[in-house]
Amino acid sequence: QVQLVESGGGLVQAGDSLRLSCAASGRTRSSYAMGWFRQAPGKEREFVAIISRMGSSTRYADSVKGRFTISRDNAKNTVYLQMNSLKPEDTAVYYCAASLLTMMVSDFNSWGQGTQVSVSS
């Protein structure tokens, strides 16, 4: 299995930017799609962004379109989430996940431990 470790979270003010990183280790020879998800207190985990194995295709939740950008550097086995114009409603624990199959949400079955993003008004 692939081990995933998120980093880059923190406490920022509304309008600020953050870049999250997700480093993959372990069995990384096979290609995989990567995604970012988030979970706020008392809410279900929700999809944020997904990037294909080679980085040529991306998908975003409507709530983050135009503000967040997902990218990857396969040479470093790392996926990024650039978050601009952050809003208080972006406050959540952000998780990265990997899929060896398709880009369907149900296929993302390898998860990191999460990194906290807090956005104040």
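The values are calculated or read from the model by the stated rules, or taken from the named source; none is laboratory data. Since the structure is predicted, the reported quantities are computational estimates derived from the model, not experimental observations. All Cβ positions, even for glycine, are placed from backbone atoms using ideal geometry, and neighbour counts span all protein chains on display. For the accessible areas, the whole protein counts, side chains as well, though only heavy atoms, and no ligand, DNA or RNA atoms are used. Shrake-Rupley method; radii C 1.70, N 1.55, O 1.52, S 1.80 Å.
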Normalised contact order of the chain, rounded percent, pairs of Cα under 8 Å and 6 or more residues apart: 36
The chain, accessible surface, carbon-and-sulfur percent (1.4 angstrom probe): 48
Cα-based reach from K43 at 20 Å (exclusive), listing aspartates and glutamates while leaving out same-chain residues under 8 positions away: D62, E89, D90
Region 8-60 - accessible surface per residue (Å², probe 1.4 Å): 56
Cut-off 14 Å between beta-carbons: net charge of the residues surrounding S120, Lys and Arg +1, Asp and Glu -1: -2
Within region 1-65, trypsin sites (Lys or Arg not before Pro) in DSSP loop having at most 11 other beta-carbon neighbours inside 10 Å: R29, K43, K65
Region 1-83: GluC sites (Glu not before Pro) falling in loop per DSSP and having at most 14 other Cβ within 10 Å: E44
Hull shadow area, averaged, region 61-121 [alpha-carbon convex hull, nm²]: 5.0
Within the chain: Cβ-based charge dipole about Cα centre, in debye rounded to nearest 20 (Lys, Arg +1; Asp, Glu -1): 320
Qualifying aspartates and glutamates (Cα of each under 12 Å from Cα of K87; at least 8 residues distant if same chain): D16
Where region 70-121 is the region considered: accessible area per residue in Å², 1.4 Å probe: 48
